[in-house]
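Enquirer: Structure below; questions to follow.
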Amino acid sequence: MNHIIHVAMILQSYYPRIGGAERQVALLAPLLHERNVDITVITRHYPGLLTFEHINGVPVHRVPCPGPKAVAALIFSLRALLLLNRIKPDIIHAHELLSPTTTAIMAKTIFGQPLVVKTLRGGKLGDIAKIKKRSNAQLWINTICNKVDAFAVISKEIDGELSDIGVDAKKRHKIPNGVDTTLFCPARLQEELRHSLQIASGPVLVFSGRLDPEKRIDMLLSAWKDIRTTLPGATLLLVGDGSDSEKLKKLATPGVIFTGRVDDVLPYLQAADIFILPSETEGLSNSLLEAMSTGLAVISTNVGGSSDVVVDGETGKIIPINDIHALKQAILSLCADPVERKRLGQHAREKIIHEYSLAQTATRLNTLYIKLLEEK
């Protein structure tokens with residue numbers, strides 16, 4: 001297929017608001033363009049942002065949707081339908097199984113384009129768990145199973161959840177998140193980098209991402225008190241911002257550095273020895289993939305897609321969710337063993353290069369889009 005494929009991506013938000021879905025779409029856009037796929041983003045309008053602009057060549061439509069939650073959702077869907085009728089994409093790709101998919105299913109019913117859905121998170125706070133709490137849960141599940149043409153599945157956990165609600169295996173396509181492995185690579189001069197960032201010598205641990213409750217940074221800070229007793233020269237970098245920021249700053253003890261939101265997380269990853277992901281729910285963490293690509297030894301809870309990419313003792317360490325003792329032990333053992341850190345980091349990077357590169361994700365999506373259009 002040589003002609004350009006036009007894909008409308010429907011998301012809850014987009015740049016400059018940043019989350020995992022937003023980052024993936026923005027990073028994939030130029031690679032998809034190289035593969036004859038052009039995307040248009042349709043998202044909600046937020047105060048202070050333009051209703052339309054191009055961001056790095058991508059048309060971004062922000063749909064105003066005022067009013068209470070239910071009213072706003074309906075207004076968004078209706079206005080998005082008018083927009084989709086005008087731009088006439090070849091394929092609609094919804095990111096999240098909730099509001100974006102509702103709009104996309106309405107569009108498919110009216111206009112007939114193939115529909116791809118990406119479920120962003122699994123587990124107790126995931127998309128499917130939220131659907132099951134609805135009064136019309138079974139009706140909506142049946143609609144999803146019948147109307148959605150393909151699911152871009154980012155983890156085994158989500159694949160299992162889709163299977164459990166009756167989604168046919170032929171509709172479930174493994175397309176995990178990807179990372180730019182050329183950009184996210186180990187530092188050549190780590191000590192100089194630490195000096196430029198004003199980070200003290202000693203073990204450096206890092207978390208990057210949203211500082212929201214489900215990330216369990218509060219547990220990490222509780223563990224940190226004991227870790228600093230054993231390792232008084234250790235530093236913990238918390239890179240990012242979020243709803244828990246102020247609360248977490250009040251819990252912080254010596255050795256903790258809050259960077260706030262940064263435009264470039266790479267220097268902080270390259271300056272670190274260990275990456276920590278203590279979340280109680282995830283889809284497939286972009287931050288985790290970036291850390292592994294950078295060659296860091298990683299410690300992650302057994303959540304979402306983490307156990308797909310982190311093989312315990314081989315490409316990192318996996319610990320139980322909400323287990324502060326296991327978190328402490330994993331951190332202390334890796335801090336005490338630089339040889340093991342290096343081994344895990346090397347294996348982690350190799351796995352990302354072979355299975356989770358951004359180019360592979362773009363190719364898998366392009367292949368799926370072509371397949372759907374050929375079957376239409």
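The values are calculated or read from the model by the stated rules, or taken from the named source; none is laboratory data. Nothing here was measured: the structure is a model prediction, and the numbers come from that model. In this analysis, Cβ positions are derived from the backbone assuming ideal geometry, glycine residues included, and neighbour counts consider all displayed protein chains. Keep in mind that these areas ignore ligands, DNA and RNA; they rest on the heavy atoms of the full protein, side chains included. Shrake-Rupley method; radii C 1.70, N 1.55, O 1.52, S 1.80 Å.
Enquirer: Once you order the gyration tensor axes a ≥ b ≥ c over the Cα atoms, which shape class does segment 294-370 get: rounded for a/c under 1.5, otherwise prolate or oblate by comparing a/b with b/c?
Expert: oblate
Enquirer: Would you kindly derive the ³J(HN,Hα) couplings of segment 134-148 from the backbone phi angles with the Karplus curve 6.51 cos²θ - 1.76 cosθ + 1.60 (θ = phi - 60°), listing them in order in whole Hz, with x for Gly and Pro?
Expert: These are the phi-based 3J(HN,Hα) values: 6, 5, 9, 3, 5, 4, 5, 4, 4, 5, 4, 4, 7, 8, 7 Hz.
Enquirer: For the chain, set up a Gaussian network in which alpha carbons nearer than 10 Å are linked by springs, and say which option among 310, 153, 262 fluctuates the most.
Expert: Evaluated over the chain, the most mobile residue of the options is 262.
Enquirer: Stretched out fully, how many nm does the piece from residue 374 to residue 38 gain, at 0.36 nm a residue minus the Cα gap?
Expert: Numbers: separation 336, 0.36 × 336 = 120.96 nm, distance 1.76 nm.
119.2 nm is the gain from fully extending residue 374 to residue 38.
Enquirer: Now for a separate question. In square angstrom, what is the accessible area per residue of segment 1-145 with a 1.4 angstrom probe? List each step's numbers first, then the result.
Expert: Values: 6550 Å² over 145 residues.
Result: 45 Å² per residue.
Enquirer: So, counting K/R as plus one and D/E as minus one, what does the shell of residues with Cβ under 10 Å around residue 63 add up to? Mind showing how you got there, number by number?
Expert: On the way: positive: 44, 62, 79; negative: none.
Value of the local net charge: +3.
Enquirer: Something else: Between 0 and 90 degrees, rounded to the nearest ten: what's the tilt of helix 20-34 against the longest Cα principal axis of the chain?
Expert: Compared with the principal axis, the helix lies near 70 degrees.
Enquirer: Under a 10 Å cutoff between Cα atoms, tell me which one of 334, 50, 236 has the largest fluctuation in the Gaussian network model of the chain.
Expert: 50
Enquirer: Give the carbon-plus-sulfur fraction of the accessible surface of segment 217-376 in %, rounded to a whole number; probe 1.4 Å, heavy atoms of protein chains only. Kindly include the intermediate steps, with their values, before the conclusion.
Expert: Working: 3080 of 6260 Å².
With neighbouring chains kept in place, the figure for segment 217-376 is 49 percent.
Enquirer: Using helices alone, what [θ] at 222 nm do you get for the chain, with -39,500 (n - 2.57) per DSSP H run of 4 or more residues, divided over all residues and rounded to the nearest 500? Could the numbers behind the result be given before it?
Expert: On the way: 15 runs with 167 residues, N = 376.
Taken over the chain, the calculation gives -13500 deg cm²/dmol.
Enquirer: Tally Lys and Arg at +1 and Asp and Glu at -1 over the other residues with C-beta under 14 Å from the C-beta of residue 232: what net charge comes out?
Expert: Numbers: positive: 225, 228; negative: 226.
Local net charge: +1.
Enquirer: Let me ask you something else. Which value, in debye to the nearest 20, describes the size of the charge dipole of the chain about its Cα centre when Lys and Arg Cβ atoms bear +1, Asp and Glu Cβ atoms bear -1, and nothing else is charged?
Expert: Using Cβ point charges on Lys, Arg, Asp and Glu, the chain gives about 940 debye.
Enquirer: ³J(HN,Hα) across segment 251-258 via Karplus (A = 6.51, B = -1.76, C = 1.60, θ = phi - 60°), whole Hz, x for Gly/Pro?
Expert: Values per residue, Gly and Pro as x: 8, 5, 10, x, x, 9, 10, 9 Hz.
Enquirer: Are there trypsin sites (Lys or Arg not before Pro) in segment 70-174 that DSSP marks as loop and that have at most 12 other Cβ atoms within 10 Å, and which are they?
Expert: Sites meeting the loop and neighbour criteria: 124, 133, 134.
Enquirer: From the phi angles alone, apply the Karplus equation (6.51, -1.76, 1.60; θ = phi - 60°) to segment 283-289 and give each ³J(HN,Hα) in whole Hz, x where the residue is Gly or Pro.
Expert: Per residue, the Karplus-derived 3J(HN,Hα) values read x, 9, 5, 4, 4, 5, 4 Hz.
Enquirer: Of the peptides 207-215, 311-319, how do they stack up when ordered by the mean number of other Cβ atoms within 10 Å, highest first?
Expert: Details: 207-215: 20.9, 311-319: 18.7.
Per-residue mean Cβ counts within 10 Å order the peptides as 207-215, 311-319.
Enquirer: Where Rh is the Kirkwood radius over the Cα pairs of the chain, the temperature 10 °C and the viscosity 1.306 mPa s, what D in µm²/s does Stokes-Einstein return? Mind showing how you got there, number by number?
Expert: Details: Rh = 21.6 Å.
Translational D for this selection: 74 µm²/s.
Enquirer: Then there is this: If you roll a 1.4 Å probe over the heavy atoms of the protein chains, what accessible area per residue do you get for segment 238-376, in Å²?
Expert: Numbers: 5520 Å² over 139 residues.
Spelled out: the 1.4 Å probe surface of segment 238-376, per residue, equals 40 Å².
Enquirer: What's the carbon and sulfur percent of segment 35-80's accessible surface, probe 1.4 angstrom, rounded to a whole number? Could you put the intermediate results ahead of the total?
Expert: Details: 1510 of 2390 Å².
The C+S portion of the solvent-accessible surface of segment 35-80 is 63 percent.
Enquirer: Let me ask you something else. For a quick check: with amide H placed at 1.01 Å from N, whose amide H comes under 5 Å from residue 297's, ignoring anything fewer than 5 positions away on the same chain?
Expert: Here 275, 345 satisfy the definition.
Enquirer: Out of residues 5 or more away from residue 37 or on other chains, whose amide H comes under 5 Å of its own, with H placed 1.01 Å from N in the peptide plane?
Expert: 5
Enquirer: Would you mind counting up the charge near residue 360? Only other residues with Cβ under 13 Å from its Cβ, with Lys and Arg at +1 and Asp and Glu at -1. Before the final figure, lay out each step's value.
Expert: Values: positive: 35, 174, 351, 364; negative: 180, 355.
Once all neighbours under 13 Å are counted, the net charge is +2.
Enquirer: Which whole-number percent gives the relative contact order of segment 105-179, counting Cα pairs below 8 Å spaced six or more residues apart?
Expert: Values: 82 pairs, mean separation 24.5, N = 75.
Relative contact order, segment 105-179: 33 percent.
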